[in-house]
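Novice: To start, I am sharing the structure in question, which I have written as structure tokens.
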Amino acid sequence: MIAYILDTSALVMGVNPSIIKGDVYSVPEVELELPSDSMAALRFATSRDSSILLVQSPRQTSNDMVRKASLKLGERLSLSKADLQILALGLDLRLKGMNPTIVSDDYAIQNVAEHLGINYTFLATFGITYEFNWSIYCPACFRRYVHSYTRRLCEVCGTELKRKVMKKYRKIGSSKNHRNS
Ligand SMILES: [Zn+2]
């Protein structure tokens, strides 16, 4: 059985649980991150109420494992409470003998998922593409860099820089005309 776990970015950008083949999961904390009265919040509530979206809280031991892994990888500050729960749910489902795939375009989630051996996939898998702004920052001294900065290391302390998507703009279809309207 295929199982997907949707993070906040997946829901905000319009991934629709009801058209995904397989079991679709998320966590309670994601709902809190969705803008109230948004299409994403409405979709979350209705698909949860009709059991299309299975919303589960991960076990505390899984939360702890994810927290440890994210600290080790220097991603702790890049992950929200919802992000941590998403990853922990991935561990929980694996313990149940499933092989879940996290649906997220968040670099920090993908990085920690990879470390924990959890599958992940991009929103493009579900036909969602967009333009985005990257924010570049140093996880050690927190200096920020303009997104055109091309060096890999922090010029102040030499730590490897992190990149995080700050703003996403959904592209509707692939029409160039759309942006002019
Ligand atoms: Zn630095």
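Bear in mind that the values in this text are calculations on the coordinates, not laboratory data. The structure presented is a predicted model; accordingly, all values stated were derived computationally and were not measured. Positions of Cβ are backbone-derived with ideal geometry, glycine not excepted, and every protein chain shown enters the neighbour counts.
Novice: Can you list which of the DSSP-assigned H helices in the chain have a Cα extent of 20 Å or more along the long axis and an average Kyte-Doolittle score of at least 0.5?
Specialist: 81-95
Novice: Between I19 and I2, what is the label-to-label distance in nm when each label sits 7 Å out along the Cα-to-Cβ direction?
Specialist: Each label point lies 7 Å from its Cα, and together they span 1.4 nm.
Novice: Right, something else. Of all the stretches in the chain, which is the longest one without any exposed loop site, taking trypsin sites (Lys or Arg not before Pro) in a DSSP loop (any state but H, G, I, E, B) with at most 16 other Cβ atoms within 10 Å?
Specialist: Counting only loop sites that pass the neighbour cut-off, the longest clear stretch is 97-142.
Novice: So for the chain, what are the equivalent ellipsoid semi-axes in whole Å, largest first, each being the square root of 5 times an eigenvalue of the Cα gyration tensor?
Specialist: They are 27, 23, 13 Å, listed from largest to smallest.
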